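The values are calculated or read from the model by the stated rules, or taken from the named source; none is laboratory data. All values reported here derive from a predicted model rather than from experimental measurement. No Cβ is skipped: glycine too gets one built from the backbone with ideal geometry, and neighbour counts run over all protein chains shown.
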Amino acid sequence: MRITAVTCVKNEGPFLLEWIAYNRLIGVTDFLFYSNDCSDGSDALLEGLAARGYVTHLPNPAAGRAYQMEALRDCAHQPVVRQADWLWIADVDEFLNIHTGDHTIPALIEACANPQAISLTFQFFANAGITGFVDRPVIEQFTRCHNPDIWCGETAIEVKTLVRRDFPLGYYGAHRPFLRKNTPADKRPPWTDGSGRAVPHRFLTAATERRIRKFPAKGARQFATLNHYALRSLDSYLVKTDRGDVNREHRAFDDTYWRERNDPAWEDRSIHRLLPALTAEIAQLKSDPEISRLHEICVAGHRQRRDQLLTRKDYQDMRLHLQSASPLPPAEEAMLLRLGLMP
């Protein structure tokens, strides 16, 4: 089975080897990376990996627009996607945590009875007071998360989607594929959540804005969870705010984004089952001296940019503000205030 992962990156260098190694462990056979405007060595590392056959690396075709959507439009025409049996579109801070069988994507597909799409529900992992960036697996460092069934007062939580090659595709979205226009009801694909249950009809058909990329999370993670490490360390978060993201060139992440994802109410270490194998896989990649050298350049570049940012008062203030921000998501805090349960 050929499974291709597609992702977009900008200055994600220190985290690339972990993400590639992890996805290789769970069954991804091919990788398509799009990069843009990298200053930390990410593009050089990807070129080194591409030269050794680990990944395909292309410049993002967008020019100051919606980077991810432009890349997804382009990827549909790339051989590494067209030849795949399954496509996995995800970001480098997202890790598919499979709870069934041998913890691989083929095992997940089998558990879900081989549908044409599987939408996996996010679980957002908190910073939980981790300040400094260290070059260790992200999945090892961050273990606190929100109540799995409720995020920021919402019971519907966003998903990302595995797509089978025969899906009646209109176009790929970042969170889910969209059906070919005018697909008749009897040709709609079998499409499940991470428990093998049929996704809600309004989600499948993208009937309303509210159901385009999320649906109720309760009971949706029996076979797999999508662990999302959007914050990582405070150091890395500062660098993230500086670079923006792959969708909007100058988007800023204010404390709402941080607080919504920094809910440490629960602990989940289930993904640690793969840590020994992950450590070995990363070591195998680094056994190539050039790959190791390029990785170290990215790590140094990440730290250097953090140090540069912390010479600026606005970033010093941001750092202090985030360290003292309420641990409650804004919506939850507002609800408690309305109920008179907070001073």
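Just a few scattered comments:
- Some residue of the stretch 240-251 being assigned to a loop (DSSP other than H, G, I, E, B) and more than 18 Å from V9 (Cβ to Cβ): no
- Scanning the stretch 22-33 turns up at least one residue that is touching a His at 6+ places or on another chain (Cβ under 6 Å), surrounded by 19 or more Cβ atoms within 10 Å (Cβ to Cβ) and not in a helix (DSSP H, G or I).
- Matching residues, the stretch 258-284, being of a type in the set (F, W, Y) and surrounded by 19 or more Cβ atoms within 10 Å (Cβ to Cβ): W258
- Only residues that are at pLDDT below 95 and among the hydrophobic types (A, V, I, L, M, F, W, C) were counted across the stretch 303-319, and they come to 1.
- Residue in the stretch 294-314 that is in contact (Cβ under 8 Å) with a residue 40 or more places away in the chain, part of a helix (DSSP H, G or I), among the charged types (D, E, K, R) and farther than 15 Å from R243 by Cβ present: no
- Any hit, the stretch 64-81, residues being out of contact with any Cys (no Cβ under 8 Å at 6 or more places or on another chain), in contact (Cβ under 8 Å) with a residue 24 or more places away in the chain, in a loop (DSSP other than H, G, I, E, B) and closer than 30 Å to W266 by Cβ: no
- W19 touching a strand residue (DSSP E or B) at 6+ places or on another chain (Cβ under 9 Å), assigned to a helix (DSSP H, G or I), farther than 15 Å from L294 by Cα and not charged (D, E, K, R): yes
- Considered as a group, the residues in the stretch 177-232 that are β-branched (V, I, T) and in a loop (DSSP other than H, G, I, E, B) include one that is surrounded by the fewest Cβ atoms within 10 Å (Cβ to Cβ), and that residue is T208.
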